[in-house]
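This report concerns only the one structure given below.
The values are calculated or read from the model by the stated rules, or taken from the named source; none is laboratory data. Keep in mind that what you see is a predicted model, and the values were worked out from it rather than measured. Don't worry about glycine lacking a Cβ; one is built from the backbone with ideal geometry, like all the others, and counts go over all protein chains shown.
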Amino acid sequence: MNRSAHGKDDTVDLSVIIVNYNVRYFLAQCLDSVRIACKGIRSEIWVVDNASSDSSLEFLNEISDIKLIANRDNLGFSKANNQAIRKANGRYVLLLNPDTLVPADAFRKCLDFTDVNPNIGALGVRMIDGRGDYLPESKRGFPSPWVSFTKMSGLAKLAPRSANFNAYYLGHLDEFETNQVAVLPGAFMWLRADLLPDIGGGLDEDYFMYGEDIDLSYCVQQAGKEVVYFPEVSIVHYKGESTKKRSFSYVKTFYKAMAIFSAKHVSGGNAAFQNTLLKFAIYGRASLAVLINILISIFFVLVDGTAIIGLLLGAKTLWAKYYFNDASYYDASPFEALSLPMYTLLWVIGIGIAGGYERPYRFAAAFKGATLGSLFVLIAYALLPAELRTSRAVILLTGATLTALLPLLRFLWSLIRPQEVSATSKTLGSQRRLAILGSKKETNRVLGLLGKAGIAREYVGRVDPKSSSSDETIGSTKELGQLVETFRLEEIIVCTGDLPISNLMDLMQELGDQVEFRTIGPQSEAIVGSPSRNSPGDLYTVGIRYALGLAQWQRSKRIFDVCFSILLVVFWPILFFMKKPIGAFRNAMLVLLGSNTWVGYAVGGINGHHLPKLRPSVLPQGEGKKSLEAKEIQHLNELYARYYSRREDIRYVTKHWRSLGNDPVAIHSLAPARWPQRDLTTVDYAKS
């Protein structure tokens, strides 16, 4: 082995480092593209897993052509990258996000460019999102107080091409021109390895997430090297920076990173004033983010509440006028003071329990919610003293109208935001018009996977990845634009084993505003994508699908927990027939408060960290059975999560009712099994 002065193995040109945290299926496709891009280059691939809980380690442990570091805790982006940097052997180090796709010639172009430009210390590339839109965070300016203020306050959007008002994204620099820049994103950062010892050996570990790429870019320039934006290479980055832009936690973490950077690098007489300005801008944006999130989350609650109040007032007036012949009949009653707010609240609760406020909004959930709310109101009416009751007719008129009005409101919203309403054709859960771009073999495999996953689609046909078409296809890749229009396609699944990533990116940039693209690798069992830079990325997994992982079944389980707890509290004398009556009453209260659940997982399985999380359970799986082996416990937990039904919970509680006073147990209170760290022999992708 040839060692250079900086201690690296000169037989390795490139060390690719990927830090993974719970994005197994994105990582799988990323690795597929990285392997192709490494061909002809002496390279090694490092993957650092930051204590993922989504079976990433099981997947990674089966791959022989990577070097794996498995952490027991989430160490953050900086520390995890540094773990691999310290062991990497390449002349160049590439920090790469797992939610990216790189074209086949990406690494070769970067290698050739940096080899002939020795003054370049760090290189970044042009990034696009899952719709083919350019991500402006591909190149950035230093977050000085003024630059940060213009970005966080929104001034940059008012003048996107201004060097003064959009210096954060360097809006005055063309996205297709190579330029020296101030900051490169950590999603793709190509670094000269022999420079790293001069700038601290890697990323500053004071940064947990965000800001470390800014600091590293700054240090590269302080060491006398250039930071260059190189748009001759483009990559797909599914999750853009703005994914969490309205999140308070994002803004808080961003500010903490900026504070670290400012304390480290900003000095001088104006430092205090500059930092105060920065705090004002970021905390102002954080407050705005919280307000916007609250308004978004309760938007339909406000809309429905307003509609219910209007219907109740209208029904009251109508019934008083035409039945009692007196429009003021209810004026002396407590209708507006008591009935109106109480009935409105109960209807809103009914809609919420039925899932009427979950995205995507569903017509069926709105209808069921209105019906359930009507039932709640009628029960409340029956429990009121006679002198406080108004009229059942007002309730029935309002309920009947509401069952038609709520779905109509969702329909009207679908005309504005079609992706948020499930009964329209432009949502993930409905019969969207789908084409698959790939070979016949891969297309059949994808159709089979979609069927297993239960994904509803209207399959239009196969698009041939080559230039020719046949009777077995609806057309070829070169005709895709026409096919989208002719067949009104809404989604295209691309088999990346049949189409080069560079061609995929061309299609995304050409048609991304007309149709959604998703991809699947040759060996993958998941279809991944991201409709826009404001989306966190989504996937259709086709492995085991757990009922308890779905919102409707989680809601169903919670409804049972609450109802059964109320039953026990109301009929508390029956508790004394149980083994631990005081414990049963305590459990009923804890379940009502949401701390526990009645039925759940048993502790002691082989590996339970991948199961949908449940609260600690009073009656774990295997209750009453003795000496169960770990494999048996694991099997019981898998079956419960996969085929959950409310009927099963009722049966289980009925069977083991005498044990309702048991102390709750929690599977996730135990540390999940971890794979040990391992180092594999460096893989040489050089052509023989």
When segment 610-637 is checked residue by residue, the ones that are modelled with pLDDT under 80 and touching a helix residue (DSSP H, G or I) at 6+ places or on another chain (Cβ under 7 Å) are 611
For segment 307-319, indicate whether the set of residues that are in contact with a Ser or Thr (Cβ under 9 Å, 6 or more places away or on another chain), surrounded by fewer than 18 Cβ atoms within 10 Å (Cβ to Cβ) and not assigned by TED's automatic domain parsing to the domain that holds residue 559 is non-empty.
-> yes
Check whether at least one residue in segment 401-416 is surrounded by 14 or more Cβ atoms within 10 Å (Cβ to Cβ), modelled with pLDDT under 90 and not in a helix (DSSP H, G or I), and report yes or no.
-> no
For residue 64, are the conditions met, namely being out of contact with any Gly (no Cβ under 7 Å at 6 or more places or on another chain), surrounded by fewer than 17 Cβ atoms within 10 Å (Cβ to Cβ) and at positive phi?
-> no
For segment 501-555, the count of residues that are in a loop (DSSP other than H, G, I, E, B) and at pLDDT below 80 equals 14
Which residues, taken from segment 486-533, are free of Cβ contacts under 8 Å to residues at least 12 places away in the same chain and either of a type outside the set (Ser, Thr, Tyr) or under 24 Å from residue 441 (Cβ atoms) (or both)?
-> 506
Mind checking whether some residue in segment 65-74 is closer than 21 Å to residue 205 by Cβ, in contact with a helix residue (DSSP H, G or I) (Cβ under 6 Å, 6 or more places away or on another chain), modelled with pLDDT under 95 and among the polar types (S, T, N, Q)?
-> no
Select the strands (runs of 3 or more DSSP E) contained entirely in segment 1-116, then report the ones holding at least 2 residues which are under 25 Å from residue 502 (Cα atoms).
-> 14-20, 43-50, 92-96
Regarding residue 224, is this residue in a loop (DSSP other than H, G, I, E, B) and either at pLDDT 95 or above or closer than 25 Å to residue 44 by Cβ (or both)?
-> no
Any hit, segment 105-119, residues being in contact with a Ser or Thr (Cβ under 8 Å, 6 or more places away or on another chain) and surrounded by fewer than 21 Cβ atoms within 10 Å (Cβ to Cβ) = yes
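When you check residue 170 against the structure, is it closer than 21 Å to residue 234 by Cβ, touching a helix residue (DSSP H, G or I) at 6+ places or on another chain (Cβ under 9 Å), buried (at least 18 other Cβ atoms within 10 Å of the Cβ) and at pLDDT below 90, yes or no?
Judged against the criteria, residue 170 is a match.
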All but one of (1) without any contact (Cβ under 8 Å) to a residue 60 or more places away in the chain; (2) in contact with a helix residue (DSSP H, G or I) (Cβ under 9 Å, 6 or more places away or on another chain); (3) in a loop (DSSP other than H, G, I, E, B) hold for residue 343, so report the exception by its number.
-> (3)
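Identify all residues within segment 400-411 that are of a type in the set (A, V, I, L, M, F, W, C) and closer than 18 Å to residue 311 by Cα; write none if there are none.
Hits for segment 400-411 are 400, 402, 404, 405, 406, 408, 409.
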